[in-house]
1. Does S245 satisfy being farther than 17 Å from G74 by Cβ, hydroxyl-bearing (S, T, Y) and touching a Leu at 6+ places or on another chain (Cβ under 7 Å)?
2. Specify which of the listed residues (N109, N145, N158, N116) is within 20 Å of the chain's Cα centre (by Cα) and surrounded by fewer than 16 Cβ atoms within 10 Å (Cβ to Cβ).
3. Among strands (runs of 3 or more DSSP E) lying entirely in segment 213-268, which contain 1 or more residues that are among the β-branched types (V, I, T) and in contact with a Gly (Cβ under 9 Å, 6 or more places away or on another chain)?
4. Sort through V266, V225, V221 and tell me the only one that's β-branched (V, I, T), modelled with pLDDT of 95 or more, surrounded by 14 or more Cβ atoms within 10 Å (Cβ to Cβ) and more than 30 Å from K22 (Cα to Cα).
5. In segment 52-162, which strands (runs of 3 or more DSSP E) lie fully inside it and hold 1 or more residues that are more than 30 Å from G242 (Cα to Cα)?
6. Output the residue which, of all residues in segment 43-54 that are crowded, with 22+ Cβ neighbours inside 10 Å and among the hydrophobic types (A, V, I, L, M, F, W, C), is nearest to G121 (Cα to Cα).
7. Look through segment 124-155, keep the residues that are touching a helix residue (DSSP H, G or I) at 6+ places or on another chain (Cβ under 6 Å), of a type in the set (D, E, K, R) and modelled with pLDDT under 95, and return whichever of them is nearest to A100 (Cα to Cα).
8. What do you reckon, is W70 in contact (Cβ under 8 Å) with a residue 24 or more places away in the chain, touching a Ser or Thr at 6+ places or on another chain (Cβ under 8 Å) and surrounded by 15 or more Cβ atoms within 10 Å (Cβ to Cβ)?
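The values are calculated or read from the model by the stated rules, or taken from the named source; none is laboratory data. No experiment lies behind these values; they were computed from the predicted model shown. Cβ placement follows ideal geometry from the backbone for every residue including glycine, while neighbour counts extend to all protein chains displayed.
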Amino acid sequence: FLQGLTNNREDMSGRGGDPPEKYFHESTFHPHYDGRFAYTILPPSTRLPHLRALIRSYLSTMRDLGAETWIMHGSLLGWWWNRRIMPWDDDIDVQVSESAISFLARYYNMTVHSFNDSDLGMSTEDAELMEANGNMGKRYLLEVNPRYTNASAEDWLNVIDARWIDIDTGLFIDITALRRRRHKRRFRPADEAVRTGPLKMYCKDKHTFLSSQIYPLRTSVFEDVPVRIPYAYRDLLAEEYGSNSLIETDFWNERYEFQQQRLEWVPM
């Protein structure tokens, strides 16, 4: 199947050194690239346009398919600041509902989706950068981990339930399913308040949430396309990254600062 998709002459994934029960194999040269489709990292100047195309194509496809999805983690933090991917990021994180991952696995696993620049609303500058890197048009593979049916967080080698993969660059979106914790005992009448309160939810990567933190999903914009975000986005970001991440305009680790007038992260 992959022989008709990849331009790689050899498999650069870490398959050979990974445990056999692990499904997704990150590349040997960088954990945020799929080594079946890439043999080296992209320079920062071209990585960001490809990431923009990646999230736009994903959100567009999920919207067309009717699969419920929303951005999380570092991508949500980028949304908080200026509705953009942070310029130092090299991956994108999203979640889907349990029903969505089952739907995608049943009907769309291993499907390839093609886009051109106009489909993705790419700026002239971004399109030129991508074409200079040898990419005319874009193709993406939706791949679902068959271990998604194992809901246990102890299946730590398979915490990623699916990926949306850029066939031309090896960049990908990690897709994790948000699951409801199943109670092992029956509720008594006195437990009614517990049963009707917010549900405890989790992903296999051991992030835990209350249903009231995620739902109802809000509608917004990310990288100029419609997106869904969790209801209690501010609380979730403060819990994961600390409250300073929402106000501190100097990101020293990456040597970027946020310029309020431009609504943009710029190098220091």
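1. It is false that S245 is farther than 17 Å from G74 by Cβ, hydroxyl-bearing (S, T, Y) and touching a Leu at 6+ places or on another chain (Cβ under 7 Å).
2. N109
3. 225-229
4. None of the others qualify; the one that does is V225.
5. 111-115, 138-144
6. Filtering segment 43-54 for residues that are crowded, with 22+ Cβ neighbours inside 10 Å and among the hydrophobic types (A, V, I, L, M, F, W, C), the one nearest to G121 (Cα to Cα) comes out as A53.
7. Within segment 124-155, the match that is nearest to A100 (Cα to Cα) is K138.
8. Here the answer is no, as W70 does not meet what is asked.
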